[in-house]
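Below is one structure, written out as structure tokens; the observations come after it.
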């Protein structure tokens, strides 16, 4: 049998910095950047970085039989249309989060992927897949290190840095809003830790604008409560992190099990150990920091293997669809921030 060579991918959409971490992972795993559409805020920087990639039209990318995977990191409201067109052209898709920003988009993606083998549509939830502390925490839960998970708390604070943000970022119709965008990480982690994605339900949500008066439609704070798999989760996201923090956000994940707890400080241990990626494990034997030196971030080779074999080892298609559905549920039922249930 002839060796097909490395998987080739094309980029359609370059409006967020996640483009660079996604492509870096794919190239590091052996994929080749074959083509890109030269539009989007970061298109020029991408072309200067990946000089092997050829500038061409969307139709050229979708019509090239040698391209197996399409990467889309465009404006959030435009990602679903790219994904559907690519899937209908017989290609797999990896999208930055959020992959969809409306119920109609989710329904269309669900229809496009129905009955297909493997996971043609991947939304890469980088908080879970690119942070070694989160990776190890999930591994420990699956090994039974804290018993059965009964409560999950997630915090996704970010620094706003408004002058660096594009206009679409402040428009919920184009960005999806804070719960669809930032809280997708927390819902992804909750479903991963508790099991069956079809069992989860959003029971409360809130969103609002408390500190960004120049953009009154913008949401800078949000929260949601979710239940499923015998556990409850409370998750809070915001764009209120002070500039003096030293990183883009003090992201945290707390997991309470029947025999122990795990706490992740993903980016910074405030007034503690230096650097990112901290994990603390507490059980009957005591409290300790978990060594992460042997943890491998391996989402990219797993994704490429899934594309090649039409499998779902990285995560199931039902999981990706469920995360997107729950973020939309949270947004649609969200009360104004500060009001009662």
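The values are calculated or read from the model by the stated rules, or taken from the named source; none is laboratory data. Keep in mind it's a predicted model, so treat the numbers as computed, not measured. Cβ sites come from the backbone with ideal geometry, for glycine too, and all protein chains shown count toward neighbours.
Before moving on, here are some points about what is shown:
- Only listed residue being touching a helix residue (DSSP H, G or I) at 6+ places or on another chain (Cβ under 9 Å) and in a loop (DSSP other than H, G, I, E, B), chosen from 211, 217, 173, 207: 217
- Residue 108 vs. criteria farther than 16 Å from residue 312 by Cβ, at pLDDT 95 or above and touching a helix residue (DSSP H, G or I) at 6+ places or on another chain (Cβ under 6 Å): yes
- Comparison of 262, 245 shows that the only residue that is surrounded by fewer than 18 Cβ atoms within 10 Å (Cβ to Cβ), over 26 Å from residue 325 (Cα atoms) and in contact (Cβ under 8 Å) with a residue 24 or more places away in the chain is 245.
- Which listed residue, of 100, 61, 37, is crowded, with 17+ Cβ neighbours inside 10 Å and closer than 30 Å to residue 187 by Cα: 100
- Complete set of residues in the stretch 58-79 that are outside any helix (DSSP H, G or I) and in contact with a helix residue (DSSP H, G or I) (Cβ under 9 Å, 6 or more places away or on another chain): 67, 68, 69, 70, 71, 72, 73, 74, 75
- Among the residues of the stretch 109-126, the ones that are over 20 Å from the mean Cα position of the chain (by Cα) and part of a helix (DSSP H, G or I) come to 2 in all.
- Some residue of the stretch 182-197 being surrounded by fewer than 19 Cβ atoms within 10 Å (Cβ to Cβ) and either part of a loop (DSSP other than H, G, I, E, B) or touching a strand residue (DSSP E or B) at 6+ places or on another chain (Cβ under 8 Å) (or both): yes
- A search for C-beta distances below 9 Å between a residue of the stretch 323-339 that is on the phi > 0 side of the Ramachandran plot and any residue that is outside any loop (DSSP other than H, G, I, E, B), counting only pairs 6+ apart in sequence or on different chains, returns 338/206; 338/208.
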